[in-house]
Amino acid sequence: MIRDKTHQEQVERWANFVRDNPREKWKPAIDALINSQYNMAAKFYKNLQKTSEGRIIYERLKKERLKLKNNN
Amino acid sequence: MIYNYKMERGVSDKNILEDFTIKFCKIIEKHVKYIVVSGFVAISHGRSRSTEDIDMIIERISKDKFLQMHKDIINGGFQCIQSRLAEDIFEYLDKGDSIRYVKKGTFLPPEMEIKFAKDMLDELQIKNRRKFPFTGLDIWFSDIETNIAFKEELLKGDKDYKDADHLRFIYKDQINENLINEIKKMIKNLRLKEKNDKR
């Protein structure tokens, strides 16, 4: 696999920043990044449920993901 | 200061991923020895990425013990996405497959992916499990050298190499290269050989 040099450099820069600085300096940035991923996904699924077409897609996604058997 | 996000007073400084993992691990801890491995190890060390699943390895336990643990997991506000029947879920684990739990009432990540320890390598990781003060989390992890070895020798995805590099930079001067090489040898013998034999 060819690894991009600039990506590698960025990993190093960020890791050094994390290692050399107190948590208060870098943790909020990580939290914002991680929370935004889940919040964006939740928002997308919430929006899907606003239209009839979206609700069909939502149910299909839900069914595929939750492979529940007929045991409710 | 590069980042200037204000933290509200009294509000947890844990993100969604950490909050999910801490709650889940607290339940598991009561029943069995566990370790969190792979991506979450790098992320909890400040790697700037997220993930959909957290990988957990647990000691092999009896069906009865699992049923009790599963009951606690459900009561703790989680659900298994493969089945609602605890006996079916145990079957997945027992056959060497993973089981996945998400927060009750949703099917969205984050999700906890759990596997039984499958060989000497997993048992060794559990035996040598560590907590890392640097993460600020009261969670058991597999050691740094093992995580690096798995990412560089077995997983080998772009994000895996970056995770390994991140951990190498964080623990610069503390990493035992001989141990990483030993683990890589074990991975070759136990995992890659098995993978090639299946082909």
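Each reported figure results from applying straightforward, stated rules to the coordinates on display, with no laboratory input. All figures in this text were calculated on a predicted structure; none of them were measured in a lab. Cβ sites come from the backbone with ideal geometry, for glycine too, and all protein chains shown count toward neighbours.
As a size descriptor, the averaged projected area of the C-alpha convex hull of segment B:81-185 was calculated at 8.4 nm². The long axis of helix A:5-20 is offset from the longest Cα principal axis of chain A by roughly 80 degrees.
Taking the Kirkwood radius as Rh and the Cα radius of gyration as Rg, segment B:1-123 has a ratio of Rg/Rh equal to 1.01. Over all distinct Cα-Cα pairs of segment B:12-60, the Kirkwood formula returns a hydrodynamic radius of 11.5 Å. Residue separation of B:Asp13 and B:Arg60 scaled by 0.36 nm, minus their Cα-Cα distance, works out to 13.6 nm of gained length.
Taken about its Cα centre, segment B:1-137 carries a charge dipole of roughly 480 debye when the Cβ of each Lys and Arg holds +1 and the Cβ of each Asp and Glu holds -1. Summarising the strand pairing of the protein assembly as shown, around 60 percent of its internal DSSP beta bridges are antiparallel. When the alpha carbon coordinates of the protein assembly as shown are projected onto the principal axes, the ranges are 55, 47, 38 Å, largest first. Each of B:His45, A:His7, B:His31, B:His166 was scored by other Cβ atoms within 10 Å of its Cβ. Listed from fewest to most, they are A:His7, B:His31, B:His45, B:His166.
In this label model, B:Asp97 and B:Leu154 are separated by 2.0 nm, measuring between points 7 Å along each Cα→Cβ vector.
Just subtract the alpha-carbon distance of B:Lys33 and B:Lys195 from 0.36 nm times their residue separation and send over the number in nm, one decimal.
Details: separation 162, 0.36 × 162 = 58.32 nm, distance 2.68 nm.
Additional length available on full extension: 55.6 nm.
Classify segment B:115-159 as rounded, prolate or oblate, taking a ≥ b ≥ c as the square roots of the eigenvalues of its Cα gyration tensor: rounded when a/c is under 1.5, otherwise prolate if a/b is larger than b/c and oblate if not.
Numbers: a/c = 2.19, a/b = 1.17, b/c = 1.87.
Cα axes put segment B:115-159 in the oblate bin.
Computed from label points 7 Å out along Cα-Cβ, the spacing between A:Arg13 and A:Glu59 is 4.9 nm. Using the Cα gyration tensor of segment B:83-136, with a ≥ b ≥ c the square roots of its eigenvalues, what is the shape: rounded (a/c below 1.5), prolate (a/b larger than b/c) or oblate (neither)? Because a/c hits 1.5 or more and a/b fails to exceed b/c, segment B:83-136 counts as oblate. Note that segment B:38-98 shows a convex hull volume over its alpha carbon atoms of 107 Å³ per residue. Cβ crowding within 10 Å, taken as a proxy for footprinting-reagent exposure, orders B:Ile58, A:Ile57 from fewest neighbours to most as A:Ile57, B:Ile58. Restricting attention to chain B, close to 60% of DSSP beta bridges with both partner residues there are antiparallel.
In the protein assembly as shown, the DSSP-assigned H stretches of four residues or longer account for a calculated mean residue ellipticity at 222 nm of -16000 deg cm²/dmol, using -39500 (n - 2.57) per stretch and the full residue count as denominator.
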